[in-house]
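Everything on this sheet refers to the single structure shown next.
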Amino acid sequence: MKKTCAAFLFEGFLDHHLSAALACLSSRGGDWSLETFSVRGASVTSATGFKVIPHASLEYMRPEDFDVLLLPGGARWEKGDNLEIFSLLVSVAGCRPLVAMGEAVLGLADLGLLDDIPHTGCRPGYIKRFCPEYMGAAFFRHQPCVSARKIITIDGAALLPGHGMLGLFDTLQEIYANTHELFDQEQQRT
């Protein structure tokens, strides 16, 4: 059964983050499609200059419409932008896997979603610098990829070639296996 990755696109998003995550999911035999969206459904330009026309607008995105939500990094997270997606993040947290890459970890920290679960990122001081209310420093792990309660945080450096991609591959493969089982059980009940 084909799974859907929803990916949030915004001006200056790091397109290589999405490429790496999708490559990891697909490499282990997963059958994934990508559904992209931006705040208003308008085209955006990635940090490397790719102009992308998203499939949808944020207003049409519901957790039940996708299997995994991907949040690529980008400087807008550091500026405190991308606030429009916060309500979707809150509704996704705990019910669907949520993958925050690089600077996107800051959005989760702003919402308090990392205050009591293991997570990673650039470094705890970096998160606190941009998110003064962040209380999760004790749960920070110096690892390329950490998964807890359906929240997957990825250090942006891990998404560069040759920097610990194996942990990301394994974590995303586990997500595929778990969502596959969950959806198979739902199919059997209907």
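Observations
- Using the average count of surrounding beta-carbon atoms within 10 Å as a protection proxy, the listed peptides 93-103, 78-88 rank, highest first, as 93-103, 78-88.
- Subtracting the Cα-Cα distance of V90 and D115 from 0.36 nm times their residue separation leaves 7.6 nm of extension gain.
- Shown for M61, M135: other C-beta atoms within 10 Å of each C-beta, ranked fewest to most, produce the order M135, M61.
- The stretch between A23 and R123, if pulled fully straight at 0.36 nm per residue, gains 33.5 nm over its current Cα-Cα span.
- Förster-model FRET efficiency, 30 Å R0, K2 and T45, C-beta, rounded to 0.05: 0.55
- Projecting the Cα positions of M101, L111, S91 onto the charge dipole of the range 84-143 (unit charges on Cβ atoms of Lys, Arg, Asp and Glu, taken about the Cα centre) puts M101 furthest along the positive direction.
All of the numbers you see were taken from the coordinates with simple rules; none came from a lab. Note that the coordinates shown come from a computational prediction; the quantities given were computed from them, not determined experimentally. All Cβ positions, even for glycine, are placed from backbone atoms using ideal geometry, and neighbour counts span all protein chains on display.
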